[in-house]
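Remarks on the structure that follows.
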Amino acid sequence: MEFTLLAAIFPQIGSPVTVSFQKMTEKHLLGYDPITCHAWNRDRSQLAVSLNSNEVSIFQSGTGRGAGWKLLHVLSDHALRVTSLDWAPKTNRIVTCSADRNAYVWIYDQAEKKWKPTLVLLRINRAATCVKWSPKENKFAVGCGARLIAICYFEEENDWWVSKHIKKPIKSTVTCVDWHPGNILLAAGSTDYKVRVYSAYVKEIEEKPAPLPWGSKMPLGQVMAEYRSTSSGGGVKLFVLIHPLHSLGFGPTFKLFFAGGWVHSVSFSPSGNRLCWTSQDSAVSVVDASQGQQIATIRTEFQPFLRSLWLTDDVIVAAVGSGRVVIDTHSKVSAIPMLFAILFML
């Protein structure tokens, strides 16, 4: 298969360039229904998928090219469609959430050769929409349609998974979450056109966190930053809340940018200083907490970007539903985009 990299480079860099390269792919049939969500194990030898149902199927990769995938297990404790799942690479635990308003943590029993579920006490009254393990895998976050985020952790005394809620100021369904590399902060996007960075510090299982570029006071639920887009007149505006310097006592400051659309994905950079999000208006936005909350947005003519991922602190990959991948490279000294590249499948 041939891919062509078309680079539209900003004037600071120079002239556009075109690069071609070859990459081989394989197609495997896992079922005939849409794949709602999926996750890999640590060495990518197993794949967990949910085919638009209440079940999660775990497949084992065959040895050798073209060997295919073998069905090993079916996790079927959910009553309604599984909406999201995540596989912890270090502890080998799977967490699933569903439209049935429940979440399960699955642990593999070596003696019985099967996955055993533990119900999580989410305490929500709407469907769960997204879930993700923290970097240390001692807690996970569940977004839902109840306008809240459940921060879940294991309570040793009672031998169960419990949750604490982050509610304010969420006004609509939470669509995506991502953890800061430091295991304390959590970014969340929602259908109220907002991206927020929260403190997800759980004092029962963690030591008091050190100050970060995003802020210093971090009780659970503290809003460290908020990025809001609302319709106004004939356009859409993005209001960026600059987090105050607590030590100096300054009040919040707002800056006005044009953007809009509910949020599809949020992603912290490897250093944790930058946050990227994609929205329904086919835009990719980046904010840098280490440079005074400097923000940059690229608007495109493509379909909305459904996922975004940092390769390094300067390179972002964003996926479009039409099968395209966008690579956005940043300067090491500025949060302003310097290179915008589109990867087309021919």
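Among the residues of region 34-77, write down those that are of a type in the set (Ser, Thr, Tyr) and open to solvent by 70 Å² or more (accessible area, probe 1.4 Å). Give the derivation first.
Taking region 34-77 first, the residues of a type in the set (Ser, Thr, Tyr) are 36, 45, 50, 53, 57, 61, 63, 76.
63 - this is the single residue of region 34-77 that is of a type in the set (Ser, Thr, Tyr) and open to solvent by 70 Å² or more (accessible area, probe 1.4 Å).
From the list 256, 238, 275, the one residue that fits, being part of a strand (DSSP E or B), open to solvent by less than 50 Å² (accessible area, probe 1.4 Å) and at pLDDT below 50, is 238.
Can you tell me which residue in region 107-134 is nearest to residue 71 (Cα to Cα), limited to those that are surrounded by 17 or more Cβ atoms within 10 Å (Cβ to Cβ) and not aliphatic (A, V, I, L, M)?
Within region 107-134, the first condition is being surrounded by 17 or more Cβ atoms within 10 Å (Cβ to Cβ), and the residues that meet it are 115, 117, 120, 122, 124, 127-134.
From what is left, the residues that are not aliphatic (A, V, I, L, M) are 115, 117, 129-130, 132-134.
On the way: 115: 14, 117: 19, 129: 26, 130: 25, 132: 24, 133: 24, 134: 28 Å.
Going through the qualifying residues, I end up with 115.
In region 178-194 there is no residue that is at pLDDT 95 or above and over 19 Å from the mean Cα position of the chain (by Cα). Can you confirm whether region 145-155 contains a residue that is surrounded by fewer than 16 Cβ atoms within 10 Å (Cβ to Cβ) and modelled with pLDDT under 95? Yes, that holds for at least one residue.
For region 193-214, the candidate set comprises residues that are without any contact (Cβ under 8 Å) to a residue 60 or more places away in the chain and open to solvent by less than 10 Å² (accessible area, probe 1.4 Å); within that set, the residue that is farthest from residue 277 (Cα to Cα) is 199.
Region 180-232 holds strands (runs of 3 or more DSSP E) entirely within its bounds, and those carrying 1 or more residues that are β-branched (Val, Ile, Thr) and under 18 Å from residue 285 (Cα atoms) map to 194-199, 223-232. Taking the criterion of being closer than 21 Å to residue 189 by Cβ, modelled with pLDDT under 85 and open to solvent by 30 Å² or more (accessible area, probe 1.4 Å), the only residue of region 298-314 that qualifies is 299.
Restricting the search to strands (runs of 3 or more DSSP E) fully inside region 86-135 and requiring at least 1 residues that are more than 21 Å from residue 182 (Cβ to Cβ), in contact with a Gly (Cβ under 9 Å, 6 or more places away or on another chain) and touching a residue at least 12 places away in the same chain (Cβ under 8 Å) gives 93-98, 128-133.
The values are calculated or read from the model by the stated rules, or taken from the named source; none is laboratory data. Everything quoted here is computed from the prediction, not taken from an experiment. Every residue, glycine among them, receives a Cβ derived from its backbone with ideal geometry; neighbour counts consider all protein chains shown. The protein model used for the area step is the full one, side chains on, heavy atoms only, and it has no ligands, DNA or RNA in it. Shrake-Rupley method; radii C 1.70, N 1.55, O 1.52, S 1.80 Å.
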